[in-house]
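Have a look at the structure below, then the notes.
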Amino acid sequence: MSGPPSFLVWPVPRAVRALQGRTAQRITLTVALCGCTLKGNEKMSDDFKPVLYLKENCPFCLKVRIFVLESGSADQVTVRDFTEGTEGETSVKPELSAHLDKVSFPAAQMAPGIFINESDDIIAKLEALSGKPAAQMTVYQNYVNGAFSLAMTLWRENVELKQAAASA
């Protein structure tokens with residue numbers, strides 16, 4: 001795991017319960033929790049809904065969106081949609097850069113102060129919250145194994161062709 005050293009080695013639910021209702025004062029505490037970064041000065045909340053940051057026309061964001069819709073979890077999350085190059089994007093990036101080493105999309109705030117930005121990681125957390133496995137979702141599986149897989153194959157081939165052309 002990259003990033004700051006882990007000072008707490010509790011399971012995430014125990015760590016979250018231990019921090020609930022507390023705020024850090026005068027210091028910013030960074031704690032690595034299962035690949036997520038929690039920065040201090042943020043209060044934990046029982047009624048928090050995960051926030052998903054989804055960019056229009058992003059195949060990884062679409063993967064997360066399909067999971068949310070097919071799992072019936074839309075009412076359990078808050079979605080912040082935006083289009084690349086718009087004011088929506090310019091407001092989202094600084095918000096996320098304070099919490100993530102590299103801003104990429106999709107991104108999610110899974111709990112107050114806990115941000116992640118890999119589609120598979122986000123879906124794994126949403127699976128745990130919804131109790132519905134992605135492996136059993138027909139539309140999600142059709143997208144991941146069909147259009148998404150093809151798009152990733154074409155993207156890799158394009159990268160290889162560009163590298164070959166650059167070195168020729």
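When the residues of segment 56-68 are filtered to those that are among the charged types (D, E, K, R) and at pLDDT 95 or above, the one that is surrounded by the most Cβ atoms within 10 Å (Cβ to Cβ) is LYS63. Residue count for segment 140-168 satisfying the condition of being open to solvent by 90 Å² or more (accessible area, probe 1.4 Å) and of a type in the set (A, V, I, L, M, F, W, C): 5.
The values are calculated or read from the model by the stated rules, or taken from the named source; none is laboratory data. All figures in this text were calculated on a predicted structure; none of them were measured in a lab. Cβ coordinates were reconstructed from backbone atoms using ideal geometry, including for glycine residues, and neighbour counts include every protein chain displayed. All accessible areas refer to the heavy atoms of the entire protein, side chains included, with ligands and DNA or RNA removed. Shrake-Rupley method; radii C 1.70, N 1.55, O 1.52, S 1.80 Å.
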